[in-house]
Amino acid sequence: DKDLKSNITHSCYNNLGANEIKNLVISDISVKVDKNRQWIENLMKLHLFLEEKKNKTNLNFWINNFRIGDQYKKRFNADIFVKFKDFKICKFKADIRVTGDLWWHLTWFKGSPISSLHIRLLEGNIFNITQFKLLLKDSRFGDNEIFVANFFRHLGFISPKTFYVNAKINNVVNQYIFQEDIRKELIESYNLKEGPLLEGDERFSVNLSDDELAEFPEINFA
């Protein structure tokens, strides 16, 4: 608990003790993008690209050659407002971007285009988390992701904090899966020494188009 308190640098928590910080529960999150028009324009272009690819496929469960490319994953400055139950709203400076690779990270809600998000806090942290995702439920099979992530945490495996949260993105409210990004803070939360984190290189797997073949398919997920 002392380590938790020492890692809190955001003024919003100044009057709370370590146990009080540990027991905070998020009620909802609000994201206000600085350049809202450019953010919506980027999302619209991405959705139009998706519709173009959908119209060219005859498959029921796959959209040929659709990937969310890096050109759609530009970072935008934003303010993140986190409302904690029985506590006040905390404001964080952050940058956000679209996250994910395939179409299940995109949808429409009440006439507005939305997507899964990656959020990087530029100041402070939430539960010692500085980077996290707000994932559309369908992109992770909803309850399945919540159960599996927490089941593994219960068994003692390293697993990111994962839970449902209501989030308002530029006044569009939807339920998302909050999931901690796999960063050094995750390792530290298990009282382990910081060390290398290895992952597969998506340039040679999911980022390949359907017309491309991996040169060494057997080691893509090594």
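Within the stretch 33-44, one or more residues are in a loop (DSSP other than H, G, I, E, B) and closer than 29 Å to Ile89 by Cα. Go through (1) of a type in the set (Val, Ile, Thr); (2) within 22 Å of Asp101 (Cβ to Cβ); (3) open to solvent by 50 Å² or more (accessible area, probe 1.4 Å) one by one and return the number of the condition Thr162 breaks. Single failed check for Thr162: (3).
Run Lys168 past the list (1) open to solvent by 40 Å² or more (accessible area, probe 1.4 Å); (2) in contact with a helix residue (DSSP H, G or I) (Cβ under 8 Å, 6 or more places away or on another chain); (3) not small (Gly, Ala, Ser) and report the number of the one that doesn't hold. Unmet for Lys168, out of (1) open to solvent by 40 Å² or more (accessible area, probe 1.4 Å); (2) in contact with a helix residue (DSSP H, G or I) (Cβ under 8 Å, 6 or more places away or on another chain); (3) not small (Gly, Ala, Ser): (2). Checking Asn60, Asn77 one by one, the residue that is of a type in the set (S, T, N, Q) and assigned to a loop (DSSP other than H, G, I, E, B) is Asn60 and no other. A residue that is in contact with a Lys or Arg (Cβ under 8 Å, 6 or more places away or on another chain) and over 21 Å from Leu136 (Cα atoms) can be found somewhere in the stretch 81-89. Residues in the stretch 185-199 that are part of a loop (DSSP other than H, G, I, E, B), open to solvent by less than 80 Å² (accessible area, probe 1.4 Å) and not small (Gly, Ala, Ser): Tyr190 alone.
Residue count for the stretch 174-184 under the criterion of being touching an Asp or Glu at 6+ places or on another chain (Cβ under 8 Å), open to solvent by 40 Å² or more (accessible area, probe 1.4 Å) and not charged (D, E, K, R): the result is 1.
Of all residues in the stretch 83-135, those that are under 18 Å from His47 (Cα atoms), in contact (Cβ under 8 Å) with a residue 40 or more places away in the chain and open to solvent by 30 Å² or more (accessible area, probe 1.4 Å) total 5.
The values are calculated or read from the model by the stated rules, or taken from the named source; none is laboratory data. Bear in mind that the values here come from a model prediction, so they are computed numbers and not experimental data. As a convention, Cβ positions derive from the backbone with ideal geometry for all residues, glycine included, and neighbour counts pool all protein chains shown. Side chains included, ligands, DNA and RNA excluded: accessible areas come from the protein's heavy atoms. Shrake-Rupley method; radii C 1.70, N 1.55, O 1.52, S 1.80 Å.
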